[in-house]
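Step one of this worksheet: look at the structure below.
The values are calculated or read from the model by the stated rules, or taken from the named source; none is laboratory data. If you're wondering where the values come from, they're calculated on a predicted model, not measured in any experiment. Note: accessible area is taken over every heavy atom of the protein model, side chains too, but ligands, DNA and RNA are not part of it. Shrake-Rupley method; radii C 1.70, N 1.55, O 1.52, S 1.80 Å.
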Amino acid sequence: MAASGTGTPGRLVQYVVVRSDLVHKLAWPLGAVITQACHAATAAIHLHYGDPDTQQYLAELDSMHKVVLQAPDQASLSGLSETLTEGGVAHKLWIEQPENIPTCLALKPYPKETVQPLLRKFKLFK
């Protein structure tokens, strides 16, 4: 689908998908879950730092746009990661250590229209 540096016009967005069951069923503190999202977003930027879309996203520091979505559980998060990998969509699946628990994933910045269709079934995180 979209490897690196599409260079197409359009708003660059970094999508982050967080497991909602961590808060709502497993009673993780909200701050701990937010931290997971921060880790994933930072790791995705670091891993794809040289990508032209990532560089443009970082150059527009005061107008970065992120969208945080929720996955209902570990299976749906892992399934999304597999779908993204198969589609050539660069992302980082964050696995909390030492517990070895997948908690969230973050895509590198992409033009919104490039990746939004793959994320339609996921709702905004609440």
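Can you give me the accessible area per residue for the chain, using a 1.4 Å probe, in Å²?
Working: 6740 Å² over 126 residues.
Using a 1.4 Å probe on heavy atoms only, each residue of the chain averages 53 Å².
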field: Set of aspartates and glutamates near LYS126 by C-alpha distance (under 13 Å), chain-local residues within fewer than 8 positions excluded
entry: ASP21
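With a 1.4 Å probe and all protein chains in place, put ILE95, ILE34 in order of accessible area, largest first.
ILE34, ILE95
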- line: If amide H atoms are modeled at 1.01 Å from N in the peptide plane, then the residues at a separation of 5 or more from VAL13, or on another chain, having amide H under 5 Å from its own are TYR110, LYS112
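In percent, how large is the relative contact order of the chain, given Cα pairs closer than 8 Å and 6 or more residues apart? Present the calculation step by step, with values, prior to reporting the outcome.
Details: 216 pairs, mean separation 53.5, N = 126.
Over the chain, the number comes to 42 percent.
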- prompt: Quick one: with all protein chains in place, what share of the accessible area of the chain is carbon or sulfur, to the nearest percent (1.4 Å probe)?
  reply: 58
message: With a 1.4 Å probe and all protein chains kept in place, how much accessible area does VAL23 have, in Å² rounded to the nearest 10?
response: 40
message: On a straight-distance basis, which lysines could pair with LYS112 in a cross-link, Cα separation under 18 angstrom, same-chain partners fewer than 8 positions away excluded?
response: LYS66, LYS92, LYS121, LYS123
- prompt: Just the accessible area for GLU60, please: 1.4 Å probe, Å², rounded to the nearest 10?
  reply: 80
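Within the chain, what percent of beta bridges assigned by DSSP are antiparallel, to the nearest 5?
Working: 13 of 19 bridges.
Roughly 70 percent of the DSSP beta bridges within the chain come out antiparallel.
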query: Going from most exposed to least, what order do ARG19, ARG120, ARG11 have by accessible area with a 1.4 Å probe?
result: ARG120, ARG11, ARG19
message: Could you compute how much accessible surface TYR49 exposes when probed at 1.4 Å, giving the result in Å² to the nearest 10?
response: 130
- prompt: Most fluctuating residue of LYS108, LYS92, LYS25 in a GNM of the chain with Cα springs under 10 Å: which is it?
  reply: LYS25
